[in-house]
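> Take a look at the following structure, please.
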Amino acid sequence: MSAQVQFALEALRIGRRFLSTVSFEAHVELPDNLELVQSSLLLLRDLPIHALLNATTVEEISEAVEGLFNHMRRNLRKARRYPVYRAAVLMEDVSRDLLTQLNKVLHPKEGSTIMQLPYADFELLTGICRELCTQWADSARQFKQQLRDELKHRSGQSAERVPAKMRFAHEPLQDRINELRQFRKQHEQFVQTLDKVFVVVSGKDGGTVSAAATATKNTVVAAYDKVLVVDVVDTTPTGINAWERAKQEYADLINRAESLIIANMRDTLGNAATTKD
(Lines give C-alpha, C1' and ligand atoms only; values in the text may rest on other atoms or scores of the structure.)
Protein backbone atom coordinates (compact mmCIF):
# COMPACT_ATOMS: atom_id res chain seq x y z
CA MET A 1 0.00 0.00 0.00
CA SER A 2 1.39 3.40 -0.95
CA ALA A 3 2.28 6.00 1.67
CA GLN A 4 -0.43 8.31 0.32
CA VAL A 5 -3.16 5.69 0.77
CA GLN A 6 -1.93 4.83 4.26
CA PHE A 7 -1.94 8.51 5.19
CA ALA A 8 -5.51 9.01 3.91
CA LEU A 9 -6.84 5.97 5.78
CA GLU A 10 -5.06 6.96 8.97
CA ALA A 11 -6.46 10.49 8.72
CA LEU A 12 -9.98 9.11 8.37
CA ARG A 13 -9.49 6.87 11.39
CA ILE A 14 -8.16 9.70 13.53
CA GLY A 15 -11.13 11.79 12.47
CA ARG A 16 -13.36 8.90 13.51
CA ARG A 17 -14.66 8.48 9.97
CA PHE A 18 -14.83 4.73 10.52
CA LEU A 19 -17.65 4.15 8.06
CA SER A 20 -15.61 5.78 5.30
CA THR A 21 -12.59 3.60 5.92
CA VAL A 22 -14.63 0.43 6.29
CA SER A 23 -16.58 1.19 3.11
CA PHE A 24 -13.37 1.90 1.18
CA GLU A 25 -11.57 -1.20 2.42
CA ALA A 26 -14.56 -3.39 1.66
CA HIS A 27 -14.97 -1.90 -1.80
CA VAL A 28 -11.38 -2.56 -2.85
CA GLU A 29 -11.15 -5.82 -0.84
CA LEU A 30 -8.13 -4.34 0.86
CA PRO A 31 -7.47 -7.03 3.50
CA ASP A 32 -7.65 -9.88 0.97
CA ASN A 33 -5.49 -8.06 -1.55
CA LEU A 34 -2.94 -7.14 1.09
CA GLU A 35 -2.71 -10.78 2.12
CA LEU A 36 -2.27 -11.77 -1.53
CA VAL A 37 0.54 -9.24 -1.96
CA GLN A 38 2.24 -10.45 1.20
CA SER A 39 1.99 -14.07 0.05
CA SER A 40 3.40 -13.13 -3.34
CA LEU A 41 6.31 -11.29 -1.74
CA LEU A 42 7.02 -14.23 0.54
CA LEU A 43 7.24 -16.61 -2.41
CA LEU A 44 8.87 -14.37 -5.01
CA ARG A 45 11.05 -11.90 -3.16
CA ASP A 46 13.91 -14.32 -2.50
CA LEU A 47 13.30 -16.66 -5.43
CA PRO A 48 16.86 -17.71 -6.37
CA ILE A 49 16.36 -17.26 -10.11
CA HIS A 50 19.66 -15.41 -10.59
CA ALA A 51 21.57 -18.57 -9.67
CA LEU A 52 20.04 -20.19 -12.74
CA LEU A 53 20.47 -17.17 -15.01
CA ASN A 54 24.15 -16.84 -14.08
CA ALA A 55 25.00 -20.55 -14.31
CA THR A 56 27.68 -21.44 -16.86
CA THR A 57 28.01 -25.20 -16.32
CA VAL A 58 25.57 -28.07 -16.05
CA GLU A 59 26.64 -28.56 -12.44
CA GLU A 60 25.77 -24.95 -11.60
CA ILE A 61 22.44 -25.27 -13.41
CA SER A 62 21.68 -28.42 -11.41
CA GLU A 63 22.39 -26.65 -8.12
CA ALA A 64 20.22 -23.71 -9.20
CA VAL A 65 17.32 -26.00 -10.12
CA GLU A 66 17.54 -27.73 -6.75
CA GLY A 67 17.56 -24.35 -4.99
CA LEU A 68 14.52 -23.13 -6.93
CA PHE A 69 12.39 -26.15 -6.15
CA ASN A 70 13.49 -26.16 -2.50
CA HIS A 71 12.49 -22.50 -2.21
CA MET A 72 9.07 -23.12 -3.76
CA ARG A 73 8.36 -26.17 -1.60
CA ARG A 74 9.51 -24.43 1.58
CA ASN A 75 7.55 -21.22 1.09
CA LEU A 76 4.39 -22.34 -0.66
CA ARG A 77 2.72 -23.51 2.56
CA LYS A 78 3.47 -20.14 4.18
CA ALA A 79 2.15 -18.16 1.20
CA ARG A 80 -1.42 -19.26 1.81
CA ARG A 81 -2.97 -16.69 -0.51
CA TYR A 82 -0.68 -17.26 -3.48
CA PRO A 83 -2.74 -19.06 -6.16
CA VAL A 84 -1.72 -22.68 -6.58
CA TYR A 85 -2.28 -22.54 -10.34
CA ARG A 86 0.01 -19.52 -10.60
CA ALA A 87 2.74 -21.41 -8.73
CA ALA A 88 2.55 -24.12 -11.39
CA VAL A 89 2.70 -21.53 -14.18
CA LEU A 90 5.70 -19.91 -12.48
CA MET A 91 7.71 -23.13 -12.71
CA GLU A 92 6.69 -23.50 -16.34
CA ASP A 93 8.14 -20.03 -16.90
CA VAL A 94 11.33 -21.00 -15.08
CA SER A 95 11.72 -23.93 -17.48
CA ARG A 96 12.18 -21.40 -20.29
CA ASP A 97 15.18 -20.01 -18.43
CA LEU A 98 16.44 -23.58 -18.00
CA LEU A 99 16.13 -24.08 -21.77
CA THR A 100 18.16 -20.92 -22.39
CA GLN A 101 20.96 -22.02 -20.07
CA LEU A 102 21.04 -25.55 -21.47
CA ASN A 103 21.38 -24.16 -24.98
CA LYS A 104 24.38 -22.16 -23.83
CA VAL A 105 26.27 -25.10 -22.35
CA LEU A 106 25.41 -27.26 -25.38
CA HIS A 107 27.28 -24.82 -27.62
CA PRO A 108 30.88 -25.32 -26.36
CA LYS A 109 32.13 -22.50 -28.60
CA GLU A 110 30.41 -19.91 -30.72
CA GLY A 111 29.51 -21.42 -34.07
CA SER A 112 30.38 -24.94 -32.92
CA THR A 113 28.21 -27.99 -32.38
CA ILE A 114 28.37 -30.78 -29.82
CA MET A 115 28.54 -33.24 -32.72
CA GLN A 116 32.11 -32.04 -33.29
CA LEU A 117 33.16 -33.14 -29.80
CA PRO A 118 35.15 -36.36 -29.38
CA TYR A 119 32.70 -39.15 -28.69
CA ALA A 120 33.73 -39.55 -25.03
CA ASP A 121 33.28 -35.81 -24.40
CA PHE A 122 29.95 -35.85 -26.23
CA GLU A 123 28.72 -38.75 -24.10
CA LEU A 124 29.82 -37.01 -20.91
CA LEU A 125 28.18 -33.66 -21.70
CA THR A 126 24.90 -35.04 -22.99
CA GLY A 127 24.82 -37.58 -20.16
CA ILE A 128 24.93 -34.95 -17.42
CA CYS A 129 22.38 -32.86 -19.34
CA ARG A 130 20.08 -35.86 -19.38
CA GLU A 131 20.59 -36.35 -15.65
CA LEU A 132 19.69 -32.68 -15.13
CA CYS A 133 16.45 -33.13 -17.07
CA THR A 134 15.64 -36.19 -14.98
CA GLN A 135 16.34 -34.17 -11.83
CA TRP A 136 13.89 -31.51 -13.02
CA ALA A 137 11.22 -34.10 -13.86
CA ASP A 138 11.51 -35.73 -10.42
CA SER A 139 11.38 -32.36 -8.63
CA ALA A 140 8.44 -31.20 -10.74
CA ARG A 141 6.52 -34.38 -9.97
CA GLN A 142 7.04 -33.87 -6.22
CA PHE A 143 6.12 -30.19 -6.53
CA LYS A 144 2.92 -31.00 -8.39
CA GLN A 145 1.92 -33.41 -5.64
CA GLN A 146 2.61 -30.69 -3.08
CA LEU A 147 0.33 -28.35 -5.03
CA ARG A 148 -2.46 -30.92 -4.82
CA ASP A 149 -1.89 -31.37 -1.10
CA GLU A 150 -1.86 -27.61 -0.61
CA LEU A 151 -5.27 -27.28 -2.25
CA LYS A 152 -6.69 -29.77 0.25
CA HIS A 153 -5.51 -27.59 3.14
CA ARG A 154 -6.98 -24.39 1.75
CA SER A 155 -10.57 -23.33 2.22
CA GLY A 156 -12.65 -21.01 0.08
CA GLN A 157 -10.50 -21.61 -2.99
CA SER A 158 -12.24 -24.69 -4.34
CA ALA A 159 -12.33 -23.21 -7.86
CA GLU A 160 -8.55 -23.61 -8.12
CA ARG A 161 -7.12 -26.57 -9.98
CA VAL A 162 -3.65 -27.93 -10.47
CA PRO A 163 -2.90 -28.18 -14.22
CA ALA A 164 -3.41 -31.72 -15.49
CA LYS A 165 -0.04 -31.47 -17.22
CA MET A 166 2.68 -28.94 -16.55
CA ARG A 167 4.32 -28.02 -19.86
CA PHE A 168 8.04 -27.33 -19.64
CA ALA A 169 9.86 -25.50 -22.42
CA HIS A 170 13.00 -27.63 -22.16
CA GLU A 171 11.28 -30.99 -22.75
CA PRO A 172 11.70 -30.93 -26.57
CA LEU A 173 15.43 -30.37 -26.01
CA GLN A 174 15.48 -33.30 -23.60
CA ASP A 175 13.98 -35.50 -26.32
CA ARG A 176 16.49 -34.16 -28.85
CA ILE A 177 19.42 -34.95 -26.54
CA ASN A 178 18.22 -38.55 -26.25
CA GLU A 179 17.89 -38.74 -30.03
CA LEU A 180 21.36 -37.30 -30.57
CA ARG A 181 22.91 -39.79 -28.16
CA GLN A 182 21.30 -42.67 -30.04
CA PHE A 183 22.30 -41.19 -33.41
CA ARG A 184 25.91 -40.69 -32.38
CA LYS A 185 26.12 -44.16 -30.81
CA GLN A 186 24.89 -45.83 -34.01
CA HIS A 187 27.30 -43.77 -36.11
CA GLU A 188 30.27 -44.72 -33.95
CA GLN A 189 29.28 -48.39 -34.11
CA PHE A 190 29.01 -48.19 -37.90
CA VAL A 191 32.47 -46.64 -38.20
CA GLN A 192 33.96 -49.35 -35.97
CA THR A 193 32.25 -52.08 -37.99
CA LEU A 194 33.53 -50.52 -41.19
CA ASP A 195 37.10 -50.61 -39.91
CA LYS A 196 36.75 -54.27 -38.94
CA VAL A 197 35.35 -55.22 -42.34
CA PHE A 198 38.27 -53.75 -44.23
CA VAL A 199 40.80 -55.21 -41.79
CA VAL A 200 39.37 -58.69 -42.45
CA VAL A 201 39.64 -58.42 -46.23
CA SER A 202 42.77 -56.28 -46.39
CA GLY A 203 45.02 -59.24 -47.12
CA LYS A 204 43.05 -60.47 -50.14
CA ASP A 205 43.57 -57.71 -52.67
CA GLY A 206 45.47 -54.85 -51.10
CA GLY A 207 45.22 -52.24 -53.85
CA THR A 208 41.56 -52.79 -54.65
CA VAL A 209 40.55 -52.96 -51.01
CA SER A 210 42.49 -49.82 -50.21
CA ALA A 211 40.69 -47.88 -52.92
CA ALA A 212 37.32 -49.28 -51.84
CA ALA A 213 38.06 -48.52 -48.20
CA THR A 214 39.02 -44.95 -49.04
CA ALA A 215 35.89 -44.40 -51.12
CA THR A 216 33.64 -45.86 -48.44
CA LYS A 217 35.22 -43.95 -45.57
CA ASN A 218 35.06 -40.71 -47.55
CA THR A 219 31.35 -41.31 -48.08
CA VAL A 220 30.83 -41.89 -44.34
CA VAL A 221 32.73 -38.70 -43.52
CA ALA A 222 30.60 -36.79 -46.02
CA ALA A 223 27.48 -38.25 -44.42
CA TYR A 224 28.48 -37.10 -40.94
CA ASP A 225 29.37 -33.67 -42.29
CA LYS A 226 25.67 -33.21 -43.03
CA VAL A 227 24.86 -33.06 -39.32
CA LEU A 228 27.79 -30.77 -38.54
CA VAL A 229 26.34 -27.85 -40.48
CA VAL A 230 23.07 -27.62 -38.52
CA ASP A 231 22.35 -26.55 -34.96
CA VAL A 232 21.39 -29.96 -33.63
CA VAL A 233 19.97 -28.59 -30.35
CA ASP A 234 17.69 -26.06 -32.04
CA THR A 235 14.15 -27.28 -31.29
CA THR A 236 12.32 -24.42 -33.00
CA PRO A 237 10.28 -25.33 -36.11
CA THR A 238 13.19 -24.12 -38.27
CA GLY A 239 15.66 -26.19 -36.26
CA ILE A 240 13.46 -29.28 -36.43
CA ASN A 241 13.21 -29.03 -40.22
CA ALA A 242 16.97 -28.56 -40.55
CA TRP A 243 17.68 -31.58 -38.33
CA GLU A 244 15.24 -33.82 -40.18
CA ARG A 245 16.74 -32.79 -43.52
CA ALA A 246 20.28 -33.45 -42.25
CA LYS A 247 19.26 -36.90 -40.99
CA GLN A 248 17.81 -37.80 -44.37
CA GLU A 249 20.92 -36.62 -46.23
CA TYR A 250 23.05 -38.59 -43.77
CA ALA A 251 20.96 -41.72 -44.29
CA ASP A 252 21.21 -41.43 -48.08
CA LEU A 253 25.01 -41.29 -47.96
CA ILE A 254 25.25 -44.10 -45.41
CA ASN A 255 23.14 -46.26 -47.74
CA ARG A 256 25.64 -45.47 -50.49
CA ALA A 257 28.52 -46.46 -48.21
CA GLU A 258 26.81 -49.74 -47.38
CA SER A 259 26.38 -50.43 -51.09
CA LEU A 260 30.11 -49.87 -51.60
CA ILE A 261 30.89 -52.31 -48.79
CA ILE A 262 28.60 -54.97 -50.27
CA ALA A 263 30.09 -54.50 -53.74
CA ASN A 264 33.61 -54.81 -52.35
CA MET A 265 32.75 -57.93 -50.37
CA ARG A 266 31.15 -59.47 -53.47
CA ASP A 267 34.26 -58.78 -55.54
CA THR A 268 36.48 -60.21 -52.84
CA LEU A 269 34.43 -63.40 -52.63
CA GLY A 270 34.34 -63.66 -56.41
CA ASN A 271 38.13 -63.53 -56.59
CA ALA A 272 38.58 -66.19 -53.91
CA ALA A 273 40.31 -69.24 -55.38
CA THR A 274 39.59 -71.62 -52.52
CA THR A 275 37.12 -72.02 -49.68
CA LYS A 276 39.89 -70.92 -47.35
CA ASP A 277 40.19 -67.64 -49.25
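The values are calculated or read from the model by the stated rules, or taken from the named source; none is laboratory data. Bear in mind that the values here come from a model prediction, so they are computed numbers and not experimental data. FYI the Cβ positions are ideal-geometry reconstructions off the backbone, even for glycines, and counts take in every protein chain you see.
> Which ones in segment 145-194 are out of contact with any Phe, Trp or Tyr (no Cβ under 8 Å at 6 or more places or on another chain), among the charged types (D, E, K, R) and surrounded by 18 or more Cβ atoms within 10 Å (Cβ to Cβ)?
Passing the criteria: only GLU150.
> I've got another one for you. Among what's in segment 90-123 and is within 21 Å of ALA164 (Cβ to Cβ) and in contact (Cβ under 8 Å) with a residue 60 or more places away in the chain, pick the residue that is surrounded by the most Cβ atoms within 10 Å (Cβ to Cβ).
MET91
> Among the residues of segment 150-168, is any basic (Lys, Arg), in a helix (DSSP H, G or I) and more than 19 Å from ILE61 (Cβ to Cβ)?
yes
> Sticking with this one: Could you please let me know if GLU59 is touching a residue at least 40 places away in the same chain (Cβ under 8 Å) and either assigned to a loop (DSSP other than H, G, I, E, B) or not small (Gly, Ala, Ser) (or both)?
yes
> What are the residues in segment 188-223 that are among the acidic types (Asp, Glu) and at pLDDT below 90, if any?
Once the filter is applied, which keeps residues that are among the acidic types (Asp, Glu) and at pLDDT below 90, segment 188-223 yields ASP195, ASP205.
> Within segment 103-129, restricting attention to residues that are hydroxyl-bearing (Ser, Thr, Tyr) and closer than 16 Å to THR235 by Cα, which residue is modelled with the lowest pLDDT?
Kept after step one, since they are hydroxyl-bearing (Ser, Thr, Tyr), are these residues of segment 103-129: 112-113, 119, 126.
Checking the rest, the ones that are also closer than 16 Å to THR235 by Cα come to 113, 126.
Numbers: THR113: 91, THR126: 97.
It comes out as THR113.
> Okay, next question. Could you list all residues from segment 158-180 that are under 15 Å from TYR82 (Cα atoms) and either in contact (Cβ under 8 Å) with a residue 24 or more places away in the chain or in contact with a Lys or Arg (Cβ under 6 Å, 6 or more places away or on another chain) (or both)?
Residues satisfying the conditions are GLU160, ARG161, VAL162.
> Of the residues in segment 212-233, how many are part of a loop (DSSP other than H, G, I, E, B) and touching a residue at least 60 places away in the same chain (Cβ under 8 Å)?
Within segment 212-233, residues that are part of a loop (DSSP other than H, G, I, E, B) and touching a residue at least 60 places away in the same chain (Cβ under 8 Å) number 4.
> Something else: For residues that are buried (at least 17 other Cβ atoms within 10 Å of the Cβ) and not aromatic (Phe, Trp, Tyr), tally how many sit in segment 58-70.
Residues flagged as buried (at least 17 other Cβ atoms within 10 Å of the Cβ) and not aromatic (Phe, Trp, Tyr) within segment 58-70 amount to 6.
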